[in-house]
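Single-structure report; data block below.
The values are calculated or read from the model by the stated rules, or taken from the named source; none is laboratory data. Every value quoted in this text rests on a predicted model; they were computed, and no experiment measured them. As a convention, Cβ positions derive from the backbone with ideal geometry for all residues, glycine included, and neighbour counts pool all protein chains shown. For the accessible areas, the whole protein counts, side chains as well, though only heavy atoms, and no ligand, DNA or RNA atoms are used. Shrake-Rupley method; radii C 1.70, N 1.55, O 1.52, S 1.80 Å.
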Amino acid sequence: MNLEIVTPDKKLFEGTVKSAVFNGVDGSFGVLNHHVSMILALQKGEIKLIDEADKTHQIPINSGVIEIINNTVIVLAS
C-alpha cells in the first residue's frame, strides 16, 4: 500500500509499505494492504512501518489525522 506522512513543514515519509501501526486516540491499530476505508484521529507516539525491503521505520508524531482509502494511507501530522 502507498503511505504518505506529511506535516505543515515537510514530508516525513512517502513510499510503499507492507504494514504500519498507528496510535489512535482509542488505542493502537495496524493497517495492511486493502484495509477498509476510514478516517481517524491520531495521538502522540510513533508510527511504526515496514517497507517493501522489510526495513522497519519509526516516525514520531505529536498528533494527526489518518485517511485510508483505495490502498492509500495519508497521514496529516504535527
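Once you sort the root eigenvalues of the Cα gyration tensor of the chain as a ≥ b ≥ c, which label holds: rounded (a/c under 1.5), prolate (a/b larger than b/c) or oblate (the other case)?
Numbers: a/c = 1.36, a/b = 1.15, b/c = 1.19.
Rounded, since a/c falls under 1.5.
Between the C-alpha center of the stretch 1-22 and that of the stretch 50-67 there is a gap of 6 Å.
In the context of the full set of protein chains, the stretch 1-59 has a per residue accessible area of 63 Å² (1.4 Å probe).
Can you count the Lys pairs in the chain whose Cα atoms are under 21 Å apart, with each pair 8 or more apart or on different chains? All intermediate terms of the calculation are to be shown ahead of the outcome.
Details: 10/44; 10/48; 11/44; 11/48; 11/55; 18/48; 18/55.
Eligible lysine pairs with Cα atoms under 21 Å apart amount to 7.
Remark: the chain carries a charge dipole of roughly 100 debye about the Cα centre, counting +1 on each Lys and Arg Cβ and -1 on each Asp and Glu Cβ. Entry note, the chain: relative contact order of 33 percent, from Cα contacts under 8 Å with a spacing of 6+ residues.
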